[in-house]
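Below you'll find the structure, written out as structure tokens, and then a few comments.
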Amino acid sequence: MAVHKMKPELKIKAIENGTVIDHITANKSLHILKILGLPQDEIVNVTVAMNVVSRETGRKDIVKIENREIDSKELNQIALIAPKATINIIRNYEVIKKDKIILPKQITSIIKCTNDKCITNFESEPITSKFHTIESQPLVLRCHYCEKLIKNEDIEKQFE
Ligand code: CTP
Ligand code: ZN
């Protein structure tokens, strides 16, 4: 009998319909799920693979969301955490669309300004935060209201 010396590989089940977010920065998949804020009132099957071996980048995470096609507005928010991610839309087991993530020029609402005195952090009448992308790698944003610069580390902390 032949002895197979192939490395054991972890295979995650292919999905029939939905969205596969692939090439996520290793160990960042839970941040992504937080950003997407999947509705709690629906039953959504989500599979997460963390820190798996990838051809190009060494290690990566994968998130598979069944029966849901994620729209581009949601996707671009993922760019804050996983700039190299790709989005695959699956229908009837086939990848019908593959997109790279695009870092938006403006980011609204999902992150907070780190300046306590910023108008967006006022307790009485808080207004929705808004940032402009200044640099992409490493990521730097500027608050639209108080001009404070927000760096990559500050952003990641908010999703922990
Ligand atoms: N996938 C899935 N279910 C399917 C089809 C694909 O879960 N029915 C997943 C694959 O496991 C992979 C991703 O969707 O993680 C993209 O699939 P595919 O384009 O076939 O893989 P690659 O060619 O390796 O993708 P890339 O070139 O983006 O690395
Ligand atoms: Zn601010």
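The residue that is modelled with the highest pLDDT, among those in region 120-155 that are more than 24 Å from His31 (Cα to Cα) and either hydroxyl-bearing (Ser, Thr, Tyr) or within 16 Å of ligand 1 (Cβ to nearest atom) (or both), is Tyr145.
Looking at region 114-135, is at least one residue in a loop (DSSP other than H, G, I, E, B) and either touching a residue at least 40 places away in the same chain (Cβ under 8 Å) or within 13 Å of the chain's Cα centre (by Cα) (or both)?
Taking region 114-135 and keeping what is in a loop (DSSP other than H, G, I, E, B), we get 114-118, 122-129.
If we keep only those that are either touching a residue at least 40 places away in the same chain (Cβ under 8 Å) or within 13 Å of the chain's Cα centre (by Cα) (or both) too, we end up with 114.
Yes: one or more hits.
Looking at this structure, is Ile111 surrounded by 17 or more Cβ atoms within 10 Å (Cβ to Cβ), outside the structural domain of Ala79 (by TED's automatic domain parsing), without any contact (Cβ under 8 Å) to a residue 60 or more places away in the chain and in a loop (DSSP other than H, G, I, E, B)? So Ile111 passes the test. Taking region 103-129 as the range and being under 19 Å from Ile81 (Cβ atoms) and either more than 9 Å from ligand 2 (Cβ to nearest atom) or small (Gly, Ala, Ser) (or both) as the test, the residues that pass are Leu103, Pro104, Lys105, Gln106, Ile107, Thr108, Ser109, Ile110, Ile111, Ser129. Taken across region 44-51, residues that are over 21 Å from Lys11 (Cα atoms) and open to solvent by 40 Å² or more (accessible area, probe 1.4 Å) do not occur at all.
Just checking, does region 59-78 include any residue being in a helix (DSSP H, G or I) and of a type in the set (Asp, Glu)? Yes: one or more hits.
Would you check if Asp116 is open to solvent by 80 Å² or more (accessible area, probe 1.4 Å) and either assigned by TED's automatic domain parsing to the domain that holds Leu149 or under 15 Å from Phe159 (Cβ atoms) (or both)?
Values: open to solvent by 80 Å² or more (accessible area, probe 1.4 Å): yes; either assigned by TED's automatic domain parsing to the domain that holds Leu149 or under 15 Å from Phe159 (Cβ atoms) (or both): yes.
Yes: the conditions hold for Asp116.
Residue pairs whose Cβ atoms lie under 7 Å apart, separated by 6 or more positions or on different chains, with the first residue in region 80-108 and among the hydrophobic types (A, V, I, L, M, F, W, C) and modelled with pLDDT of 90 or more and the second near ligand 1 (Cβ under 9 Å from one of its atoms) and open to solvent by 20 Å² or more (accessible area, probe 1.4 Å), are Ala85/Asp22; Ala85/His23; Ile90/Asn17.
Residues that are closer than 25 Å to Lys151 by Cβ, at pLDDT 85 or above and within 10 Å of ligand 1 (Cβ to nearest atom) occur in region 39-62; there is at least one.
The values are calculated or read from the model by the stated rules, or taken from the named source; none is laboratory data. Just so we're clear, the structure is a prediction, and the values are computed from it rather than from any experiment. Neighbour counts are summed over all protein chains in view; Cβ atoms, including those assigned to glycine, are modelled from backbone coordinates with ideal geometry. Keep in mind that these areas ignore ligands, DNA and RNA; they rest on the heavy atoms of the full protein, side chains included. Shrake-Rupley method; radii C 1.70, N 1.55, O 1.52, S 1.80 Å.
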